[in-house]
Amino acid sequence: MDGTRGGGRGMIPPFSAALRDDEIAVMLAATAEIARSGRFVLGPHTEAFEAAVAAMAGTRHAAATSSGSTALEVVFRAIGVSGRTVLVPANTNYATAASALAAGARVRLYDAGLYPDLDDLRANLSADVAAVVVVHIGGYLSPDLPQIVSLCDDAGVALIEDAAHAHGSTLENRGAAGSFGIAAAFSFFATKVVTAGEGGAITTDDNAIDAAARIYRNQGKDDTGLHVVTGGSWRITELGAALARTRLTHLADDLIRRRNIIDRYTEYLTALTFPTLHGQVSGHKAIAILDTGADRERLRRTVSERGIILARGVYEQPLHRQPVFADLAAGRAFPVADGFADTHICLPLWPGMDDDTVDRIIGAVTNY
Ligand SMILES: Cc1ncc(COP(=O)(O)O)c(C=O)c1O
């Protein structure tokens, strides 16, 4: 398997997670070393990975977990949302809401497209709200984040970042994804900017949340080996931690390349609207908005005939349109989420793309 997804021979895929030769060499050495040591979890690779994630987010702590979903659930459990309301944006992944529900919260959706709709967020901040989740869709940080931080501070409500897409994203002069809320959850799933295959991490400056996270992820066991809370087997593997750490060592270079590609798309694809950038983007997705009335399926078909696979967007079906969450949305409208879901596309993007590939995509999308 070469780490690319979908498509036939010669097709340009939406992304590639294939390892570089130098990474393969590091991984083979790490695999042999881990196999010889017999230590497959909670060892030196996990610790080194956690230190690298904390450095990336600029936080005091990072605790690794088995996935972004379990990172979120651990945060919700650690801050204690059971029986209380968590505000979740309508435009996000299933896991953002499912993890809050699993931790015993009531979930209420607020409207959000690429960014949270501030008015709707404000309108939903009632007394029963324990936490607000902000999701950095595609790795783009909302320019309103400082305002959202103040809003939550004033209301005495915990702000949690779902930073699953936002490795290395920053907001100009304000800091990095993972450092805005009381805690943040990153995903290191196979499709993410930095992958462990499966993995997650919780970043926080809060000593108590970090300590609790380490207990929750290890079946709720404290240092004495007693089960003191209802946790789970939510540890990352040493192999996964070694893989993700290898990729983190060149994240800074990858971000520059991803940004160059987004800039090139923005310069040449003038019929599309690209989000204004307010700092570094992780480049998890290259998001563009189509003109009103443009036919997204026709665009997909045409560029596919020209050898390019356009992946589904992030997300074309927001949570209020998902059958499992029908009761969360009952009777409410989410026009911002619907507008974004129905009009955006994600152009192919991975750091190993060469300029010829980028130009081929630009040529195919132009005049579709
Ligand atoms: C916004 C968002 N949050 C959470 C998750 C869950 O992460 P994981 O797949 O690592 O459990 C994802 C996964 O794709 C995601 O996109």
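The values are calculated or read from the model by the stated rules, or taken from the named source; none is laboratory data. Because the structure is a prediction, the values reported are computed rather than measured. With ideal geometry, Cβ positions are generated from the backbone for all residues, glycine too; neighbour counts draw on all protein chains shown. In case anyone asks, the SASA skips ligands and DNA or RNA and just uses the protein heavy atoms, side chains included. Shrake-Rupley method; radii C 1.70, N 1.55, O 1.52, S 1.80 Å.
Over region 171-295, Cα pairs under 8 Å with separation of 6+ residues give a relative contact order of 20 percent.
Suppose R0 equals 56 Å. What FRET efficiency, 1/(1 + (r/R0)^6) with r the Cβ-Cβ distance, do residue 221 and residue 292 give to the nearest 0.05? Present the calculation step by step, with values, prior to reporting the outcome.
Details: r = 55 Å, r/R0 = 0.98.
Taking R0 as 56 Å, the efficiency between residue 221 and residue 292 is 0.55.
Give me the number: length gained by fully extending residue 233 to residue 211, i.e. 0.36 nm times residue separation minus the C-alpha to C-alpha distance, one decimal in nm.
Extra length from residue 233 to residue 211 when fully extended: 6.3 nm.
Helical runs assigned H by DSSP (4 residues or longer) give the chain a calculated mean residue ellipticity at 222 nm of -11500 deg cm²/dmol, each run adding -39500 (n - 2.57) before division by the residue total. Extension gain for residue 106 to residue 333 (0.36 nm times residue separation, less C-alpha to C-alpha distance): 79.8 nm.
Look at the alpha carbon pairs under 8 Å that are at least 6 residues apart: their mean separation over the length of the chain gives a relative contact order of 22 percent. Relative contact order, whole percent, for region 134-193 stands at 37, derived from Cα pairs under 8 Å and 6 or more residues apart.
What is the Cα radius of gyration of region 309-368 over 2.2 N^0.38 Å, N being its residue count? Walk me through the numbers before you get to the answer.
On the way: Rg = 16.3 Å, N = 60, 2.2 N^0.38 = 10.4 Å.
For region 309-368, the normalised Cα radius of gyration is 1.56.
With the gyration tensor restricted to C-alpha atoms of the chain, the semi-axes of the equivalent ellipsoid amount to 32, 28, 17 Å, longest first. Can you work out the PRE-style zone for residue 263? Point 7 Å along Cα to Cβ, and I want the residues of region 331-348 with backbone N under 16 Å. Counting only backbone N, you get no residues. Here the accessible area is traced with a 1.4 Å probe on the protein chains. For the chain, carbon and sulfur cover 51 percent of it.
Grab the Cα-Cα distance for residue 150 and residue 250, subtract it from 0.36 nm times how many residues apart they are, and report the gain in nm with one decimal. Provide the component values of the computation, followed by the final result.
Values: separation 100, 0.36 × 100 = 36.00 nm, distance 3.37 nm.
Net length gain for the segment: 32.6 nm.
Computed over the Cα atoms of region 251-365, the ratio of the radius of gyration to the Kirkwood radius (Rg/Rh) comes to 1.01. Working note: Cα atoms of region 1-115, range along each principal axis, descending, whole Å: 48, 41, 25. The label-point distance for residue 48 and residue 273, in a model that sets each label 7 Å from Cα toward Cβ, rounds to 4.7 nm.
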